1. Out of B:V219, B:V166, B:V232, report the one residue that is surrounded by 14 or more Cβ atoms within 10 Å (Cβ to Cβ) and in contact with a Leu (Cβ under 7 Å, 6 or more places away or on another chain).
2. Mind listing whichever residues of region A:130-144 are assigned to a helix (DSSP H, G or I) and hydrophobic (A, V, I, L, M, F, W, C)?
3. State whether one or more residues within region A:168-187 are within 16 Å of ligand 1 (Cβ to nearest atom) and buried (at least 24 other Cβ atoms within 10 Å of the Cβ).
4. Can you name every residue in region B:101-155 that is of a type outside the set (S, T, N, Q) and not in a helix (DSSP H, G or I)?
5. Looking at region A:166-193 only, could you name the residues that are modelled with pLDDT under 90 and either within 16 Å of ligand 2 (Cβ to nearest atom) or in contact with a His (Cβ under 6 Å, 6 or more places away or on another chain) (or both)?
6. From B:V144, B:V115, grab the single residue that is within 20 Å of the chain's Cα centre (by Cα) and open to solvent by 50 Å² or more (accessible area, probe 1.4 Å).
7. Of all residues in region A:84-129 being among the hydroxyl-bearing types (S, T, Y) and assigned to a loop (DSSP other than H, G, I, E, B), which is surrounded by the fewest Cβ atoms within 10 Å (Cβ to Cβ)?
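The values are calculated or read from the model by the stated rules, or taken from the named source; none is laboratory data. Please read all numbers here as calculations on a predicted model, not as lab measurements. Cβ sites come from the backbone with ideal geometry, for glycine too, and all protein chains shown count toward neighbours. With ligands, DNA and RNA removed, areas are computed over all heavy atoms of the protein, side chains included. Shrake-Rupley method; radii C 1.70, N 1.55, O 1.52, S 1.80 Å.
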Amino acid sequence: MNETTRRPHGIVVDHLSKSFGSVAAVRDVSLTIETGEIVALLGPNGAGKTTTIDMILGLSRPDKGTVTLFGTTPANAVLAGHVGGMLQTGSPPQYLNVRELITMVASLYPHPLDVDHVLEMTGTAEIATRSTTKLSGGQTQRVRFAVALVADPDLLVLDEPTAAIDVEGRRDFWNIMRSVVAGGKTVIFATHYLEEADAYADRIVLMARGRVVADGPPTEIKAKVGGRVIRATLSEVSAEELMTIEGVAKAERQGEGITLSCSDSATSDRVLRELLTRYPAARDFEVHGVGLEEAFLVLTADNEDSAVSGTDDANPELDGPGFER
Amino acid sequence: MNFTYLKFEILRTLRNRRFLVFSLIFPLVLFFAIAGPNKMVIVEGIHFPLYYMTAMASWGSMTATLSSGARIAAERQIGWTRQLKITPLSTRNYFAAKIVCGYMMALFTVLALGVAGTILGVHLSGPEWLKLVALLLVGLIPFVVIGILLGHLMKVDSLGPALGGVTSLFALLGGSFGPIFQSGFMLKVVKDIPSYWLVQASQSVLSPSGWPPAQSWIVIGVWTVVMSRLAVIVYRRDSNRVS
Ligand SMILES: Nc1ncnc2c1ncn2[C@@H]1O[C@H](COP(=O)(O)OP(=O)(O)O)[C@@H](O)[C@H]1O
Ligand SMILES: [Mg+2]
């Protein structure tokens, strides 16, 4: 897809909300994604990523709010063949081999890619004649990626595409994804691995309990969630001044206490040394890693009403830093 | 019509041997086992093998068309139906492919029973054969639609028993295993059930007019319209995650 035929407007998610019974799965989510952006939806299980994606794809109807894809509704964008998706759950149907499956799916689109080309690109050419039921986890995901890709979509939506594969397979998958979308497709992918979001997205949208709690470039998000936090007692030094210490991503003051966020432990070590050198009066040091868990609590606490609702489920389904299981 | 999509749907249906067994082998075995020893018996004014051939063709082809529901439920369970919904495949083409596949299986059953009937001495003229097959295919329309409806309504676990129950009930009431009501109120009731007219197809062909009564066309038509409406509504609503 070249510059001139690229879809204008990108993706606009406007005040989206969706509940299942008493569970508010998505609460007032707004996002604007430019054409060509690669965006990660990062969050723990139950954060509302899949529910958001389902509404973006037009698979479920929002209770409130709207989704606009390239200036039109999700249903119209899907009908026009602008959208390719890899859903969180979904295996290829039985009784077809890989090439037959991709050929069948290609036939549904107005301007599909060449099937052999897609098999080549997704690394599925060597399993083209294998039955869809006889694939490994990694192969299945690559085939499902081929299903999403053969449409030659402007928007590619991938919901936890690497959930079922091992670390090596995951790396392969993302390398393929990267090379394939170099052509300027817009990509939204959901993940609960911080490292994945960091490595493969231009932008991370952090979700927790149905809300967007942070949205920015990976470095910024990493500083918030993947890094270290230094707490100390130190008066009479402004947060602005503390920001001048190299490596401090964020500085805050609460009364006598200061909180400095750094992107990683090497940085926090350096910052700590510098802090001690500059301000000998500083005391009560406390350094600790910020797992996503804590990051979410901190970030959601910034948001008044979610801080209240945040206490009713004080045990979010988190699996430790980065959610690695 | 998207013929590539249809072609692969047909291929998938043919490669599924399990359903072939249920809709083809069972009715054939029953036909030979029961009609064989009763060649000379007369039922409802016609020779038993002809009655039973039509009855087994009805039962087998009902099983064939309704079992498309099982394939649909399985596709929903693995998430394939949702995947299709994020492609430009239209509701019409989706249903068309399902209907063609259900029909194809039904046609196999009907033809197999026709051959089996001939072996047991069923004798019909060429036009009568054609008419019988045509009437069976028309009478099957509601069952194709009911199969699709059930496939989108139920989960895989509950669909097996449901299909078995629905098929048996329709077959039993319709007279696939022998006429159950000779007269009275219940006969009136079963005449409003489409499977009754499927089983009656051979009587209709051999009746003085050579055609089924008006009531049969109305019954088939009404069931088809109502079930199609329901099926489309259920399909459109059915984009939630299943498991
Ligand atoms: N169909 C559904 N019925 C009831 N609750 C649901 C349904 N789908 C999602 N939820 C709930 O909504 C919340 C968000 O889920 P989901 O969007 O799947 O999160 P994620 O994809 O981030 O793991 C969870 O609490 C989940 O249990
Ligand atoms: Mg999810």
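1. Just a single option satisfies the conditions, and that option is B:V166.
2. Of everything in region A:130-144, just one residue is assigned to a helix (DSSP H, G or I) and hydrophobic (A, V, I, L, M, F, W, C), namely A:V143.
3. no
4. B:L120, B:G121, B:V122, B:H123, B:L124, B:M154, B:K155
5. Within region A:166-193, A:H192, A:Y193 qualify.
6. The unique qualifying residue is B:V115.
7. Only one residue tops the list, namely A:T129.
Per-residue answers, yes or no, for (1) open to solvent by less than 40 Å² (accessible area, probe 1.4 Å); (2) within 14 Å of chain B (Cβ to nearest Cβ); (3) away from ligand 2 (no atom under 16 Å from the Cβ); (4) assigned to a helix (DSSP H, G or I):
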{"residue": "A:L16", "(1), (2), (3), (4)": "yes, no, no, no"}
{"residue": "A:A25", "(1), (2), (3), (4)": "yes, yes, no, no"}
{"residue": "A:L31", "(1), (2), (3), (4)": "yes, no, yes, no"}
{"residue": "A:G46", "(1), (2), (3), (4)": "no, yes, no, no"}
{"residue": "A:S60", "(1), (2), (3), (4)": "yes, yes, no, no"}
{"residue": "A:A77", "(1), (2), (3), (4)": "yes, yes, yes, yes"}
